[in-house]
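Chemist: Mind looking over this structure? Questions follow.
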Amino acid sequence: MPELPEVETVRRGLEPVLVGRRLTRVEARRPDLRFPLPDRFAARLEGARVEALLRRAKYLVANLDTGETLIAHLGMSGRFTIRTPMQSMAPGAFYYADDPDPTHTHIVFTTDAGDRIEYNDPRRFGFMDIAATADLAGHKSFRTLGPEPLGPEFDAAALAAAVSGSRQPVKAALLDQSVVAGLGNIYVCEALHLAGISPMRRAGRVSARRLGVLVETIRVVLEAAIAAGGSSLKDFADAQGALGYFQHRFRVYDREGAPCQREGCGGVVARRVQAGRSTFYCPICQT
DNA sequence: CCCACGACCTGTGGGC
DNA sequence: TGCCCACAGGTCGTGG
């Protein structure tokens with residue numbers, strides 16, 4: 001899944017081909033992704049101009065000139081691919097590169113510039129919805145979201161308040177989108193390692209000072225990943241189809257048995273399951 | 001209210 | 001080579 005850095009990378013890739021453009025055709029090849037598509041999905045989008053393409057947590061948000069907004073979540077395996085028309089041998093004609101996986105391409109948008117934007121999602125954990133732009137904050141998906149980790153409202157005091165008294169492991173608390181919005185399994189593992197905090201420690205019992213360190217390591221990890229164009233795991237590619245490079249910089253994620261990269265630590269990366277998901281950490285330097 | 005867990009869906013990689 | 005199980009970046013609903 002795309003976590004915040006991957007969604008931001010996708011947003012930056014789509015922005016130049018979507019913003020200011022009108023959607024001339026929207027093709028939904030099935031009636032649902034994870035959830036049913038909203039009523040008259042294609043009809044409400046066709047003819048609309050995209051005024052802005054934003055990101056909130058792991059959601060892409062396309063404001064339209066119709067007063068409505070398209071909301072998209074990539075789930076675990078969703079990806080957008082841009083296909084720009086290419087000149088064919090015949091004068092005036094053009095064509096698109098072949099879709100390598102048409103069986104999982106569920107939605108195709110075409111713009112007035114002729115670009116085709118394909119949404120492909122094998123597992124179909126992603127979803128799309130359309131809501132009145134004025135009511136977005138009240139949308140089911142947004143109502144309970146906590147602060148953006150890269151925004152001004154996320155600081156040590158805010159994090160301390162959000163986890164105050166919490167008995168759940170700090171790993172689980174950081175995955176809770178109402179505590180901070182946009183982290184996922186990879187970057188939580190990475191940020192906790194960088195901060196030297198054990199993923200198993202109860203969230204409400206991490207000291208204020210260490211929560212301050214954690215806020216900083218979350219920012220550092222996310223910003224580095226965005227700068228690298230996101231991670232490249234099995235399914236992730238940015239909107240142009242390029243692979244991200246951040247995977248090469250994982251300190252602990254998917255590195256069970258590898259030496260801890262903290263200077264002088266000497267530990268070995270361990271894996272254990274928390275809340276049904278793999279946690280990677282160093283048992284020596286994360287306390 | 002808080003927290004843990006299973007469900008959703010498909011593909012892939014590792015072990016035997 | 002082939003089969004089967006475990007596991008994969010997320011979120012939501014349920015039930016204790």
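Chemist: Can you name the condition, by its number, that A:LEU183 falls short on among (1) among the aliphatic types (A, V, I, L, M); (2) closer than 30 Å to A:ARG83 by Cα; (3) away from DNA strand C (no atom under 12 Å from the Cβ); (4) part of a loop (DSSP other than H, G, I, E, B)?
Modeler: Condition (3) is where A:LEU183 drops out.
Chemist: Got at least one residue in the stretch A:136-158 being of a type in the set (Phe, Trp, Tyr), in a loop (DSSP other than H, G, I, E, B) and under 30 Å from A:ALA270 (Cα atoms)? Spell out the reasoning first.
Modeler: As a first pass, look at the stretch A:136-158 and keep what is of a type in the set (Phe, Trp, Tyr): A:142, A:154.
Filter once more, so that each one left must be in a loop (DSSP other than H, G, I, E, B): A:154.
Checking which are under 30 Å from A:ALA270 (Cα atoms) leaves us with A:154.
Taking every residue of the stretch A:136-158 in turn, at least one turns out to be of a type in the set (Phe, Trp, Tyr), in a loop (DSSP other than H, G, I, E, B) and under 30 Å from A:ALA270 (Cα atoms).
Chemist: When only residues in the stretch A:159-180 that are free of Cβ contacts under 8 Å to residues at least 40 places away in the same chain and part of a loop (DSSP other than H, G, I, E, B) count, which is farthest from DNA strand B (Cβ to nearest atom)?
Modeler: Only one residue fits best here, namely A:VAL180.
Chemist: Also, I was wondering about something else. Filter the stretch A:197-208 down to residues that are assigned to a helix (DSSP H, G or I) and either of a type in the set (Phe, Trp, Tyr) or touching a residue at least 12 places away in the same chain (Cβ under 8 Å) (or both), then give me how many there are.
Modeler: 3
Chemist: Filter the stretch A:45-68 down to the residues that are surrounded by 17 or more Cβ atoms within 10 Å (Cβ to Cβ) and more than 16 Å from DNA strand C (Cβ to nearest atom), then identify the one that is nearest to A:TYR187 (Cα to Cα).
Modeler: Selected residue: A:LEU53.
Residue-by-condition table, conditions (1) free of Cβ contacts under 8 Å to residues at least 40 places away in the same chain; (2) polar (S, T, N, Q); (3) within 16 Å of DNA strand B (Cβ to nearest atom):
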| position | (1), (2), (3) |
| --- | --- |
| A:GLY20 | yes, no, no |
| A:VAL26 | no, no, no |
| A:LEU33 | no, no, yes |
| A:GLU51 | yes, no, no |
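Chemist: For the stretch A:212-232, which positions are part of a helix (DSSP H, G or I), under 18 Å from the mean Cα position of the chain (by Cα) and touching a residue at least 40 places away in the same chain (Cβ under 8 Å)?
Modeler: Those that are part of a helix (DSSP H, G or I), under 18 Å from the mean Cα position of the chain (by Cα) and touching a residue at least 40 places away in the same chain (Cβ under 8 Å): A:ILE218, A:ARG219, A:LEU222, A:GLU223, A:ALA225, A:ILE226.
Chemist: Going through the stretch A:187-211 one residue at a time, which ones are touching a strand residue (DSSP E or B) at 6+ places or on another chain (Cβ under 8 Å) and over 20 Å from A:LEU150 (Cα atoms)?
Modeler: Of everything in the stretch A:187-211, those that are touching a strand residue (DSSP E or B) at 6+ places or on another chain (Cβ under 8 Å) and over 20 Å from A:LEU150 (Cα atoms) turn out to be A:SER198, A:PRO199, A:MET200, A:ARG201, A:ARG202, A:ALA203.
Chemist: Further question on the same structure: Enumerate the pairs (first residue in the stretch A:181-193 and buried (at least 24 other Cβ atoms within 10 Å of the Cβ); second residue anywhere and assigned to a loop (DSSP other than H, G, I, E, B) and small (Gly, Ala, Ser)) with beta-carbon separation below 6 Å, excluding pairs fewer than 6 apart on the same chain, so at least 6 apart or on different chains.
Modeler: Matching pairs, first to second residue: A:GLY182/A:ALA57.
Chemist: List pairs: first in the stretch A:120-144 and farther than 15 Å from A:ARG34 by Cα, second within 16 Å of DNA strand B (Cβ to nearest atom), Cβ under 6 Å, 6+ apart or cross-chain?
Modeler: Close Cβ pairs satisfying both conditions: A:THR144/A:SER178.
Chemist: Would you be able to say whether some residue in the stretch A:209-227 is more than 18 Å from A:ALA57 (Cβ to Cβ), within 16 Å of DNA strand B (Cβ to nearest atom) and of a type in the set (Lys, Arg)?
Modeler: Scanning the stretch A:209-227 turns up no residue that is more than 18 Å from A:ALA57 (Cβ to Cβ), within 16 Å of DNA strand B (Cβ to nearest atom) and of a type in the set (Lys, Arg).
Read the figures in this text as sums done on the coordinates, not as results from a lab. Just so it is clear, the model here is predicted, and its values are computed rather than measured. In this analysis, Cβ positions are derived from the backbone assuming ideal geometry, glycine residues included, and neighbour counts consider all displayed protein chains.
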